[in-house]
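Working notes for the structure below.
The values are calculated or read from the model by the stated rules, or taken from the named source; none is laboratory data. Because the structure is predicted, anything quoted here is derived from the model rather than measured. Note: ideal-geometry Cβ built from the backbone for every residue, glycine included; neighbour counts use all protein chains shown.
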Amino acid sequence: MSKHIAVWGFLLVFAIAVAIAYNIINQPKKLKIYNPSQLNPEIVDTTLRFVNKNHRIGKFSLTNQYGENITEKNTEEKIYIADFFFTTCPTLCPKMSKQMIRVQEKYKNNPKIIILSHSVMPENDSVPALLEYAIKQGAIKNKWHFLTGPREHIYDLARKQYFTATISGKGGLQDLMHTENFVLIDSDKRIRGYYDGTSENEVNILLKDIDTLLKEYE
């Protein structure tokens, strides 16, 4: 009798263990929330390197390829991907654009997803230049914004908001910042991922992570 009880006890414990393991495996993935203190100090402005919670993308005011003013209000309740480029870049930017086109294509009918591409050479990337570039990329109006504005403002965004560049300086004409990073921002303006925008495999991960965020905000 005791033998049968032991067997049933073992089977019960085994069944419970299997159920727990199944629940763990099937838990929805939760993306990390990035704060400045968790990042490489070289890409974080010195004033923010010890901030370990509650970092959110702050206020900004830039102009897109249609001459429209784009601010943080345009990202309200949106999940968005940010990157930094310039229209005459012959190396990284064409590769990044090719991958960003994939992002746009997958979410072209989802109004919750937008793209913000910031020019790091705003003195050259005028509104007409950005429009010409956007047309070449097949950018969809209100989906993919190519942004220009004061150089120092853009560099502040890179160093103090998105943390994408190792450059020192304040965005002067002799400072040239360039990065291949795509940054994933959630609907609460928090950073949820960094991806090499020149890599198809990395962008595959980005696409999966966007889907994860969409489920998180359902």
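Each row is one residue, and each column tells you yes or no for (1) farther than 27 Å from Asp188 by Cβ; (2) among the hydrophobic types (A, V, I, L, M, F, W, C); (3) in contact with a strand residue (DSSP E or B) (Cβ under 7 Å, 6 or more places away or on another chain).
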position: Gln99; (1), (2), (3): no, no, no
position: Gln104; (1), (2), (3): no, no, yes
position: Asn109; (1), (2), (3): no, no, no
position: Ile114; (1), (2), (3): no, yes, yes
position: Tyr133; (1), (2), (3): yes, no, yes
position: Leu157; (1), (2), (3): no, yes, yes
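Does Val127 count as farther than 24 Å from Lys160 by Cβ, of a type in the set (A, V, I, L, M, F, W, C) and surrounded by 14 or more Cβ atoms within 10 Å (Cβ to Cβ)?
yes
Just name the residue that is nearest to Glu152 (Cα to Cα) out of those in region 81-115 that are part of a loop (DSSP other than H, G, I, E, B) and among the hydrophobic types (A, V, I, L, M, F, W, C).
Phe86
In region 37-72, what residues are among the aliphatic types (A, V, I, L, M) and assigned to a loop (DSSP other than H, G, I, E, B)?
Going through region 37-72, the residues among the aliphatic types (A, V, I, L, M) turn out to be 39, 43-44, 48, 51, 57, 62, 70.
Once the filter is applied, which keeps residues that are among the aliphatic types (A, V, I, L, M) and assigned to a loop (DSSP other than H, G, I, E, B), region 37-72 yields Leu39, Val44, Val51, Ile57.
On the basis of being under 19 Å from the mean Cα position of the chain (by Cα) and within 18 Å of Thr198 (Cα to Cα), does Glu72 make the cut?
Working: under 19 Å from the mean Cα position of the chain (by Cα): yes; within 18 Å of Thr198 (Cα to Cα): no.
So Glu72 does not fit the description; no.
Is region 73-80 home to any residue that is surrounded by 16 or more Cβ atoms within 10 Å (Cβ to Cβ), of a type in the set (Val, Ile, Thr), at pLDDT 95 or above and in a helix (DSSP H, G or I)?
yes
Listed here are the residues, each with its yes/no results for (1) of a type in the set (S, T, N, Q); (2) in the same structural domain as Leu206 (by TED's automatic domain parsing); (3) without any contact (Cβ under 8 Å) to a residue 60 or more places away in the chain; (4) touching a Cys at 6+ places or on another chain (Cβ under 7 Å).
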| site | (1), (2), (3), (4) |
| --- | --- |
| Thr47 | yes, yes, no, no |
| Lys53 | no, yes, yes, no |
| Lys59 | no, yes, yes, no |
| Thr63 | yes, yes, no, no |
| Tyr66 | no, yes, no, no |
| Lys95 | no, yes, no, no |
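This table checks each residue for (1) more than 16 Å from the chain's Cα centre (by Cα); (2) surrounded by 14 or more Cβ atoms within 10 Å (Cβ to Cβ); (3) in contact (Cβ under 8 Å) with a residue 24 or more places away in the chain.
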{"residue": "Asp83", "(1), (2), (3)": "no, yes, yes"}
{"residue": "Pro90", "(1), (2), (3)": "yes, no, no"}
{"residue": "Tyr107", "(1), (2), (3)": "no, yes, yes"}
{"residue": "Lys112", "(1), (2), (3)": "no, yes, yes"}
{"residue": "Gln137", "(1), (2), (3)": "yes, yes, yes"}
{"residue": "Gln161", "(1), (2), (3)": "no, yes, yes"}
{"residue": "Thr164", "(1), (2), (3)": "no, yes, yes"}
